[in-house]
Every structure is written in structure tokens, then in C-alpha cells.
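A short write-up of the structure that comes next.
Every read-out reported here was derived from the displayed coordinates using simple, explicitly stated rules and does not represent laboratory data. If you're wondering where the values come from, they're calculated on a predicted model, not measured in any experiment. Cβ: placed from backbone, ideal geometry, glycine included. Neighbour counts: every protein chain shown.
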Amino acid sequence: MIVLNLQDDLHQMFLEETKEQLDQLEQSLLQLESDMYNEEIVKTIFRAAHSIKGSSGVMGIEPITKLAHHMENVFSMIRSNELTPTEKIITVCLRGLDMIRMILASLCEDSELDIDITPCITDLNQFAQQKNTKSQIDAPATPSSHDLGQISLALTQEELFLCRNLELRGELYKESDLRSNIYKIVVELKQDALMKSIKAFLILNNLKQIGSILKQEPDDLDLIIDETFDNFIVVLLDSHQKEEIIYSTIDSVSEIKEIRIQMIHESKYKAENSTEALENKTKPEERATIRVDVHKIDTLVNLAGEFIIDKETLNQLGRDLKAKYKNDPLIHQFLDLLPHINQVGADLQETIMSTRMLPLENTFNRFPRLVRDLAHRLHKEANFVMEGKETEIDRGMIEELVDPLTHLIRNCLDHGLETPEDRKLSGKDPKGTIVLSAKQEENTVVITLSDDGRGIDVEKVKAKLLSNNLISHEQLLALSDPEILQYIFEPGFSTASQISEVSGRGVGLDVVKANIGKLHGIVDLKTQKGEGTTFTIKLPLTLAIAQALLIQEDEYKFAVPISSVIEIIRLKDDEISEYIHTAKGIEIFNWREQFIPVIRLGKYFGIDPTTHTHKAFIVIVGHSDKKYALIVDKLLNGQEIVIKSLGTFIGEDKMLGNIHGISGVSILGNGSLVYVLDIGAVRVYKHRL
């Protein structure tokens, strides 16, 4: 058996395409579980299993070929209504997919292959031996598996792989001066054709005389001999001959109803599923793509960040020079150039950032299987809904989101959803619902995960906080319910009464908050006892660059993300005492008939604040349903900043300790350091008078 070398283009292509097919298979199997008689889903599963069988056969990976072949047999019977799909069949097929993934991982690592596929194949064989004994009255009628009009001349995944294999190995060019071409051929025999098997063999033998058959359907000789195949023969042919020669070669056999031939140019290689392939080749606009090492894109992003810093330095230098040499014509020439530099910088930044953007689809598609398997283990029923999978986000965040979302989904299933019996007693549908959605709001991506379960009991959280000495009784009284709920993200916090393999050890939601924090994001929740819980994650579109308002306290500079800024207010003299009051040891600000907590930035971070009795700058900031009034010494300006994470320096026993309210740092054009505020992590009780 081969070892998959990821430096080899052919091996890399096989691995990528097989993984895509496995993902498609898994999604389709899960869809079939809730829509057992969906003919299109069954066909999709059959085609994917067939493609995996074909490409793994070309690569000589026998265990994968065997597993895919037996899955294909089962779904061939389902497709022809000889077998009814069941939950047990889907479970065994999912187990088979897991084995294929393990085999691929083993081959990539060149480790010993210790995966026994025999039990899975035995189960699949047993299914294939079970013919339906009852009428299929309830099932939709299945038309003939082939219709010449439906057989696409575009390449399937397996055919695409074969063509690329030849191209990479340089076998599309023979020793003669003539260049060979690849043709996809579909031949339909007449319905009443006599001796179909002989005619099929004649067609195939004639084609072998003028070229090399890369692939044929049917590929099982027994089907041809027994004449149990449909009246169609599909061939992928590598030949020097022109299309008219190929046509006449086939047409020499009698009782042929129709012949369709399409020459495939390697420059047009596309896969069917993918059926836009050759059928869409007449579109007026074609996009060319190239593979680029992701490290090169990361380098471009870093260079764009450096350019932004230098651009801001140039702007500041321009302002200083204008003030000092306002009549110098060279200075005016320099100032005239700055707008163009700013525009080019903005366009460059936007273009580079767009190359890093990927849809959340691949991340979201991991979770239906998780929900299904975990719900079975917990003896619960769950309907999992996904929305907004097309929403794009920085590729650097995609993988980092998997663990946080996994923890949240596990919590929804284990803590959130009740058992079917409990839901019935509460007057709910026995099958709970979990909704995972994503959308873009300005420069942020908002991901929400909601369930219609039991909700979180705030009183239970309060009792746990006091019993674990995580907070004093006095601090607890000063907190609102939303602020109390934030403590479920603390390390070691759990309200589970029993420890299980799924939950109860106090590990999970603290990981969620830590991982989201590393992405410069925030996580919040809303809950209603007996009705459900919603977790909301807000992330920047990109990790690297953000718009921010710069403020200053003493010699320290801070950046507030523009997305968190609601309003800026300046108070003078008597207005300060009129709008700022003290209640229960906490300063509050009267803002638009609302009383919101005041955070004096200098005091919060232990900086000796500059005392102004006659003026105050107030920045109203918000996070989820929380709002604060930041009192700051100076307002500077708004500008783009390049954010660097402090994740490895913040925390217990770390260099900077536990800092609540700082998510990262940035460096300005003049070299000064700016601390990026994390409004969602601010603690009001920490600021008590």
C-alpha cells in the first residue's frame, strides 16, 4: 500500500478531493436520516461512494476501495427500491466514513495500519442481503437510474482525478507528433436491442482499437454478461483520433439509439458536482485561479499591517510639517500625495484581506454529526438547524472556532435540552431544537447558538458562586443577572450535580471564552428559565486590522474598537455633578434617561488619573445588553490599528496577571504602545468606590 506524500501533487489532490467527498457523504447521510425517501440524496450518496471507490482504486488503497464499494452496493439497492434506508444503515455507513478518515490519516503519517474494516463490511453485506419483503407503496417511485438527457458530459470527481493523474504524469503526450485528447462518451442502445452484452463488448473493443479507455460504466463485467445494466455505456477515452472517427467507430455497431461525445480540454478540468463544468463553458466571464501558499498570504497581511502603521506616520508627519512650513510648496506637494497613498492603502488592505476570507460552511458542517451522535448517547432528540453558512470570516479564525463551538453545542445538548419525557411534561415538542447561525454586521461576524431547552437557573448560579467562594455576598448584591451569568465562563465553574463523560468537571465554557478572546472576540449569553438559552459570539472580520478610537489616561494610550463606541459626550462644570451620581458605592451616569455604570479608566487600571474638576470626556460604550460610561483624560483620534494578541501573557501566574478589559496591544506610527480595550470583559464591581 502506498504512503501519501503531501509534497506530491497527485497525492495531495487525491487527499483533498477524498476529504471533500467524505464530508459530502457525511452531510448527505445525516440529511437522509430525516428524509428517508429523498431520491436526490440517495443518488448523491451513491455517486460520492462510487467516486471514492474509483479514486482510491487508482491509488491502490484497497481498504478504502472495499469500504466504498460495499457502501455503493447498499445504496445501489436503496436507489432501486430493493432496500429501505434505516437509521442502522446510516450509523454503519458513518462508522465506515470514520474508518476511511483514520486510514487516510495513517497513510499520511506513514504509521502502521491497524484498522479492522471487516466488522463494518460484514454489517454492510448483511444489509445488502436483506431484500424488501413489503410493497414500496409509501415510497416515491424511482425512475430509471439513467436518462441520456441527465447523464452529464461534465467530469465526475473520479474522472477528474484520472485526467489530472495523466496530466501530472505527462501521459497526455504520446511519442508521436500527434497530441492525444480525452473524450467523454455516452452511448444509448435501443430499448429492444438484441444481445445487449455482445453489442456493449463490441463498442468497448472498437474504442480500445483507437485509444485507451480510462474508465467505463458499467465497470462490472458480470452486469454486461448478464445484461442487467441499463441501456447506457459511458466511457472516458484517451485517443489521438478526431471526434468524427470516434463517432463512426461506435456507430459501426447496430441498434444504437444515440451517441454523445465531448472532448475534454485539461485547461477546462472541472468536476461535476461541479456539474456546471462543461455545460457552463459558454458563460461570458471565466475566472482564473492559482494556488498560493497560505504563508505567502499571511506575509502579505503582515506587510499590509506595517504599511498601515507607516501610512499613519506619514499622515501625522504631514500635519506637523503643514503646521511648521505651511507656505513651503514642497510640503503642499507632499500633502497632495497623501490622499492617494491613503486610498491605495485602503484598496490594498481590502484586497489582501479578501484573499483570507473563507465561508463558515466547512466549520458548520462538522456539527450535524456531533449533534446526532451525542443526542443518541444522551437519549435525547434534537433537530439541528444551520443558517448563514455562507458568511465569510478570516481563515485564521476558522479552525480556532471549532473547539469553542463544539463546547457550546455539547452544553446545549447536555445542559440545555431536556429528555423527551421531561419535554412532554413541560408541554414541549419531545424533539428539541438547536439553531446555529451566522451573519455579518458591519465589520464583525455574529455567530449565535440557541436552544429551546430548560434555560439557566440564575439562582442556582448564585448559590454555586457563594459556595465555591468565587465572589462575596456584597459583590453578588451589586451585580445584575446578566453580569452574574458571565461567571459560568470562569474556570472550574459548573452547576452539574453529577460528573459525566460529557460534562460536570467545570471544563468547557472557560475554554470558550479564552479561545474567543484570543480572536479579539466576545461571547455573551441570554437565557430564560424553561424557554432556552442563546450564546452570542462577536468576532472581527479579520484578526489583523481594526478601526478604533484612541483615548489617553496620563501617559497611557488605549484603543476602543469603533464597533463598541455608541456616543462621545463632553461635560463641563456643573454638568458633571448633575449627570454623575453615586449609588451603593458605584458611580452611575444619567444617559438618555438610563442609569449606566461609570468606569474611570485611570482608576480601573491603577493609573494615577489626571484630575479635572471642571471638565470630563465621557465615551459611552456597549457590549451586548451592557453599557458603560468611560471617563477619560483625553480624546485623541480615530484610526486603523494593527492588533497584536496578549493571550500568552494574560492569566493566572502569567507575566501580566489577570487583566480584565484588555484584549491586545497595537503600536502607533510614532512607536508608542496602545492597549486595546475589551469592553465585554470589564468588571463593574472591580471599580467600586
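Quick notes on this one:
- Sorting His50, His11 from the fewest to the most surrounding beta carbons within 10 angstrom yields His11, His50.
- Neighbourhood charge, 14 Å Cβ-Cβ cut-off, centred on Thr391 and excluding it, Lys, Arg +1 and Asp, Glu -1: -3
- Counted charge near Lys196, where neighbours are those whose Cβ lies closer than 11 Å (Asp, Glu -1; Lys, Arg +1): -3
- Extending 7 Å from the Cα toward the beta-carbon at both Lys190 and Ile566 defines two label points whose distance is 8.1 nm.
- Under 22 Å of direct C-alpha separation, and excluding same-chain neighbours fewer than eight residues apart, Lys529 reaches these lysines: Lys380, Lys424, Lys428, Lys431, Lys460, Lys462, Lys464, Lys626.
- Arranged from fewest to most other beta-carbon atoms within 10 Å of their beta carbon, Lys322, Lys462, Lys513 become Lys322, Lys462, Lys513.
- Electrostatic tally near Asn637: other residues with Cβ closer than 12 Å to its Cβ, Lys and Arg +1, Asp and Glu -1, net +1.
- Glu40-Asp226 FRET efficiency (beta carbon distance; Förster radius 41 Å; 0.05 resolution): 0.90
- A straight chain from Arg319 to Lys529 at 0.36 nm per residue would run longer than the Cα-Cα distance by 69.9 nm.
- For a paramagnetic label modelled on Leu338 (point 7 Å from Cα along Cα→Cβ), amide N atoms under 19 Å away belong, within region 301-318, to 307-318.
- In this structure, Leu425 and Val402 have a Cβ-Cβ separation that, at R0 = 41 Å, corresponds to a calculated FRET efficiency of about 0.70.
- Sequence of Met77, Met36, Met71 once ranked by neighbouring C-beta atoms within 10 Å, starting from the fewest: Met36, Met77, Met71
- The stretch between Asn383 and Gln547 holds 55.1 nm of extra length on full extension. This uses 0.36 nm per residue minus the Cα-Cα distance.
- Computed packing ranks the peptides 233-240, 346-353 as 233-240, 346-353, most packed first, by mean other Cβ atoms within 10 Å.
- Cα-Cα over 20 Å, subset of Lys66/Lys199; Lys572/Lys627; Lys518/Lys644: Lys66/Lys199; Lys572/Lys627
- Approximate spin-label separation Ile198-Leu330, in nm, with each point projected 7 Å along Cα-to-Cβ: 9.7 nm
- Extension gain for the segment Glu306 to Gln126, taken as residue separation times 0.36 nm less the Cα-Cα distance, is 58.5 nm to one decimal.
- In this simple spin-label approximation, Val446 and Asp219 carry label points 7 Å from Cα along the Cα→Cβ vector, and these lie 4.9 nm apart.
- Whether region 526-627 is rounded, prolate or oblate, judged on the alpha carbon gyration tensor where a/c under 1.5 counts as rounded: oblate
- Between region 361-439 and region 42-74, the Cα center-to-center distance that results, in Å: 30 Å
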